[in-house]
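Here's the structure, in structure tokens; my notes come after.
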Amino acid sequence: MLPPFRIGHGFDIHRLVEGRACVLGGVTIPHSHGLDGHSDADCLTHALADALLGSMALPDIGHAFPPSEPKWKGMDSQEILRHAAHEVRSRGYDIANVDISIIAEAPKIAPHISAMRTVLSNTLSIPPDCVGIKATTNEKLGAIGNREGICAHAVCLVYRDDTV
Ligand SMILES: [Zn+2]
């Protein structure tokens, strides 16, 4: 029998480079640098998508959206997240809540959290108060502290949709 609840965890990190838009949680943040990657490199959204896939014990997003595939170049990561939510729902589960920690020395994340929660709740079709986002710095330690990149951790709780 399928368990009534499952959890998922995801982690992602991308390098900050010049000449790229800085997209986090589906929101473009004004900054001198942006995240490098094949898609829009939205590490917050990638960590969250991996958490959802992880809750179903599925392989990570690189499996469904391989960086070697030219058609995913520059893609909106909300599309990846929508795919991950569909994978959960097609297996008889729904999303209770998600919680994300983003670790960045710069840019300042806090002013954009409300907009990110709106975007993610729309993509996932869950209420904004079920989307937690917290931002912290790395206290100037290591590569993240040196503004070389941004990383994000995400967890989710899903429940069997025949239990409600
Ligand atoms: Zn990524």
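Derivation of every value follows stated rules applied to the coordinates shown; laboratory data play no part. Model, not experiment: these values are computed from the prediction. Positions of Cβ are backbone-derived with ideal geometry, glycine not excepted, and every protein chain shown enters the neighbour counts.
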Practice prompt. Select, from 99, 94, the only residue that is under 18 Å from residue 9 (Cβ atoms) and among the charged types (D, E, K, R).
Written response: 99
Worksheet item: Can you name the residue in segment 1-60 that is on the phi > 0 side of the Ramachandran plot and surrounded by 24 or more Cβ atoms within 10 Å (Cβ to Cβ) and is also nearest to the ligand (Cβ to nearest atom) among such residues?
Response: 41
Response to the item:
Within segment 106-164, residues part of a helix (DSSP H, G or I) and of a type in the set (A, V, I, L, M, F, W, C) come out as 110, 113, 115, 116, 119, 120, 124, 130, 143, 144
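For (1) of a type in the set (A, V, I, L, M, F, W, C); (2) in contact with a Pro (Cβ under 8 Å, 6 or more places away or on another chain), each residue gets a yes or a no:
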| position | (1), (2) |
| --- | --- |
| 123 | no, no |
| 138 | no, no |
| 146 | no, no |
| 155 | yes, no |
| 160 | no, yes |
Worksheet, complete the sentence: Restricting attention to segment 115-155, the residues that are hydroxyl-bearing (Ser, Thr, Tyr) and within 20 Å of residue 34 (Cα to Cα) number exactly 2
Item to complete: Identify, by number, the condition in (1) surrounded by 21 or more Cβ atoms within 10 Å (Cβ to Cβ); (2) out of contact with any Gly (no Cβ under 8 Å at 6 or more places or on another chain); (3) closer than 18 Å to residue 153 by Cβ; (4) among the β-branched types (Val, Ile, Thr) that residue 100 doesn't meet.
Response: (2)
Worksheet item: Taking the stated definitions as given, is residue 133 surrounded by 15 or more Cβ atoms within 10 Å (Cβ to Cβ), closer than 28 Å to residue 17 by Cβ and of a type in the set (A, V, I, L, M, F, W, C)?
Response: yes
Worksheet, complete the sentence: Given the conditions (1) over 12 Å from the mean Cα position of the chain (by Cα); (2) at negative phi, every one holds for residue 139 apart from (2)
